[in-house]
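See structure below.
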Amino acid sequence: MQCIVIFGIQGSGKGTQAKLLSESLGYQHVNIGDLLRDQVSRGTELGNEVKAVIARGELVEDELIFRLIANAIQANAKGIVFDGFPRTEAQAEHLGRHFTVRKVFYLDLSEEEAISRIGARRVCQSCGENFNLNSKKPAKEGVCDRCGGKLGIRQDDRPEAIRKRMIEFYAQTQGLTSWFEAHGLLARIDAGKSVEAVFRILMEGVS
Ligand code: AMP
């Protein structure tokens, strides 16, 4: 099955862009963080196993991620947009073995800008919709535009966990740019641009 990968530091907008891109191409959007959070909130065996790891901002074990993906992929999907996968070299190899990678986009953003964006991030406690107090404000403060639920801060968006997630990103994930570059798949995009501008570049990149 064909796939497109979007990766970048936390706050680089990969979730937003992956959603737009998957809608536009008719691909399935596979957001690993959302899949994990769903398992945690439903209290599944896997969810209970990974709950503390996620809260600390550490990476979940590769084998669990592979299992999660195998269960999430719809057999009739036209293609997949991966968001938050791969994050380790073993995951990149797994991807190469099981999927035809069409393109990999690296959303490049400085650490300072990423920290500032994450500080403004809010998520609906009921439906999981994302907001940002700078770039995507809810119409009514603290209330979800989509379902009226209460907005809050993700546990792993708190300063201690964020620091840990960024350390993990620089240690394990950023290096994948060379891996993908060596395979001729990588396109770097300046993620400091507006949502619309980044999306235009993505669309040009896949056409
Ligand atoms: P995200 O919403 O993409 O920032 O992901 C939230 C958390 O889920 C991360 O901090 C990790 O604990 C876990 N996670 C997401 N994607 C992966 C992955 N590909 N490999 C390991 N852990 C992951």
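The values are calculated or read from the model by the stated rules, or taken from the named source; none is laboratory data. Note that the structure is predicted; figures quoted are calculated from it, not measured. Cβ coordinates were reconstructed from backbone atoms using ideal geometry, including for glycine residues, and neighbour counts include every protein chain displayed. Remember, those area values only see protein heavy atoms, side chains included, never the ligands or the DNA or RNA. Shrake-Rupley method; radii C 1.70, N 1.55, O 1.52, S 1.80 Å.
Restrict the search to the range 1-101; then list the trypsin sites (Lys or Arg not before Pro) that DSSP places in a loop and that have at most 15 other Cβ atoms within 10 Å of their Cβ.
Sparse-neighbourhood loop trypsin sites (Lys or Arg not before Pro): LYS78.
Rounded if a/c is under 1.5, else prolate if a/b beats b/c, else oblate: with a ≥ b ≥ c from the C-alpha gyration tensor eigenvalues square-rooted, which is the chain?
Cα axes put the chain in the rounded bin.
Restricting to DSSP loop positions (anything but H, G, I, E, B) with no more than 14 other Cβ atoms inside 10 Å of their own Cβ, which GluC sites (Glu not before Pro) remain in the range 16-62?
Loop-located and lightly packed - GLU61.
Which one of ASN132, ILE115, THR100 is farthest out on the positive end of the charge dipole of the range 61-132, using unit charges on Cβ (Lys, Arg +1; Asp, Glu -1) and the Cα centre as origin?
About the Cα centre, the residue reaching furthest to the positive side is THR100.
Looking at the chain, how many pairs of lysines come closer than 22 Å at the Cα, when each pair is eight or more places apart or spans two chains?
Taking the chain as the scope, the lysine pair count is 20.
Give the ranking of ASP108, ASP83 by solvent-accessible surface, highest area first, calculated with a 1.4 Å probe.
ASP108, ASP83
Using alpha-carbon positions, what is the distance between the centroids of the range 145-192 and the range 36-61, in Å?
17
Over the chain, with the other protein chains present, what is the accessible area per residue in square angstrom, probe 1.4 angstrom?
Spelled out: the 1.4 Å probe surface of the chain, per residue, equals 52 Å².
What is the magnitude of the charge dipole of the chain about its Cα centre, with +1 placed on the Cβ of each Lys and Arg, -1 on the Cβ of each Asp and Glu, and no other charges, expressed in debye to the nearest 20?
Charge dipole of the chain: 600 debye, to the nearest 20.
Amide H neighbours of ARG122 under 5 Å, at least 5 residues apart or on other chains, H built in the peptide plane: list them.
The answer is PHE131, ASN132, LEU133.
Over the range 76-207, with every protein chain in place, what whole percent of the accessible area is carbon and sulfur at 1.4 Å, could you tell me?
C and S atoms contribute 48 percent here.
Roughly speaking, to the nearest percent, how much of the range 1-64's 1.4 Å accessible area is carbon and sulfur?
47
Select from the range 116-165 those GluC sites (Glu not before Pro) which occupy a DSSP coil region and have at most 12 other Cβ atoms within 10 Å, ordered by residue number.
Qualifying residues, ordered by number: GLU141.
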